[in-house]
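Asker: One structure follows; several queries about it will come next.
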Amino acid sequence: MAAAEKDNTEKLQVIHGDFWTGNIVLLNAAIKEGTEIPLSVINWELTQFGLPSVDFGQMIAEMYALWLYKSIDSRLWMMEGFIKGY
């Protein structure tokens, strides 16, 4: 399935290329449940044409690794929110 998606150049879009938690900046404000949180995505020097699933997978893998190896529990609800918003 992944190989077929890779070969389909019609699905190529502009992607970040280095989309992980370290390239997201949050506004320094209190976070309240149910409110939108402004954020900025930085470091666009690896931008390229590619599959959006590359950026998606990289972000999920980063958050999962932080949860699994560093026991950062907030990563689970962050993953859920990211997946829901995607």
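Here, each number is a calculation from the coordinates, and none is a lab measurement. Everything numeric in this text was worked out from a predicted model, so none of it was measured.
Asker: By how many degrees, between 0 and 90 and to the nearest 10, does the Cα long axis of helix 52-70 differ from the longest principal axis of the chain?
Answerer: Roughly 40 degrees, rounded to the nearest 10.
Asker: Right, another one. Treating the angle as unsigned and between 0 and 90°, give the value, to the nearest 10°, between the Cα long axis of helix 74-85 and the longest Cα principal axis of the chain.
Answerer: For helix 74-85, the angle is close to 50 degrees.
Asker: Say we join alpha carbon atoms closer than 10 Å with springs in a Gaussian network model of the chain; which of 11, 32, 70 then has the biggest fluctuation?
Answerer: Checking each option, the largest mean-square fluctuation is seen for 32.
Asker: With an 8 Å Cα cut-off and a minimum separation of 6 or more residues, compute the relative contact order for the chain in percent.
Answerer: The value is 31 percent.
Asker: How large is the Kirkwood hydrodynamic radius of the chain, counting all unique pairs of alpha carbons, in Å?
Answerer: Mean inverse Cα-Cα distance, inverted, gives 14.5 Å.
Asker: For the chain, modelled as a Gaussian network with Cα springs under 10 Å, which listed residue fluctuates most, 18, 73, 55?
Answerer: Sorting by GNM fluctuation, first place goes to 73.
Asker: If I build a Gaussian network model for the chain, linking alpha-carbon pairs within less than 10 angstrom, which residue out of 50, 22, 34 has the largest mean-square fluctuation?
Answerer: Maximum among the listed residues: 34.
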